[in-house]
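A quick write-up on the structure given underneath.
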Amino acid sequence: MLTGSELVAFAASTDLARAREFYGDVLGLDVVEQSPFACVFDANGTMLRVTAVAELRPAPHTVLGWRVVDVAASIGALAARGVVFTRYDAMDQDERGVWTTPGGDKVAWFADPDGNTLSLTQFGTA
C-alpha cells in the first residue's frame, strides 16, 4: 500500500534553534522550512522533520541512522565538527567507537543535542 509513497522521518527537540544548528551546520543537512512547530531538513531526498516538543525523554535506541560508504571517514568528518561518538560498556567497539556486527557491518553511534541516538552504518559485504 505504501510502497510508492515517500518516507518522512521524525525526531523531537526541545530547542529548534539548537536542532537547526546541529542538523544543518554540524551534520550538513539542508534546511527546507522552519516554523515554530518544526524545522524540516532534506536528508538526501528524505524529509526529516525535527518537531518541537515541550519535554523529551530520549528513546533508549537509535531513532535515525545513515548508511555511509566509509564509516571511519564519516566519523572523522563529524568529529572534526564536534560530534562525540558514544561508547557502550557491553559492546566491543574499536578506538573510534565502531562496533562490527557478526555479519561485518560497522556501526557507530552519537547523540543530537536532545539526546536522541543517531547512527552511522557501513554495511559489509560478508
Condition check for ASP114: outside any strand (DSSP E or B), under 22 Å from GLY24 (Cα atoms) and either outside the structural domain of LEU48 (by TED's automatic domain parsing) or not aliphatic (A, V, I, L, M) (or both): yes
Testing ASP92 on (1) at positive phi; (2) surrounded by fewer than 11 Cβ atoms within 10 Å (Cβ to Cβ), one condition comes back false. Which one is that? (1)
Per the filter on region 15-67, residues in contact with a Lys or Arg (Cβ under 6 Å, 6 or more places away or on another chain) and farther than 20 Å from TRP109 by Cα are ALA38, CYS39, VAL40
Of the residues in region 109-126, those that are in contact with an Asp or Glu (Cβ under 9 Å, 6 or more places away or on another chain) and modelled with pLDDT of 95 or more number 6
Would you be able to say whether some residue in region 31-39 is of a type in the set (S, T, N, Q), under 28 Å from GLY124 (Cα atoms), out of contact with any Phe, Trp or Tyr (no Cβ under 9 Å at 6 or more places or on another chain) and surrounded by 14 or more Cβ atoms within 10 Å (Cβ to Cβ)? no
Exactly one of these conditions fails for ASN44: (1) within 12 Å of the chain's Cα centre (by Cα); (2) farther than 13 Å from ASP112 by Cβ; (3) polar (S, T, N, Q). Give me its number. (1)
What residue, among those in region 42-66 that are charged (D, E, K, R) and closer than 22 Å to VAL31 by Cβ, is surrounded by the most Cβ atoms within 10 Å (Cβ to Cβ)? ARG49
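The values are calculated or read from the model by the stated rules, or taken from the named source; none is laboratory data. Being a predicted model, the structure only gives us computed values, none of them experimental. For neighbour counting, all protein chains shown are included, and Cβ atoms are generated from backbone atoms with ideal geometry for every residue, glycine included.
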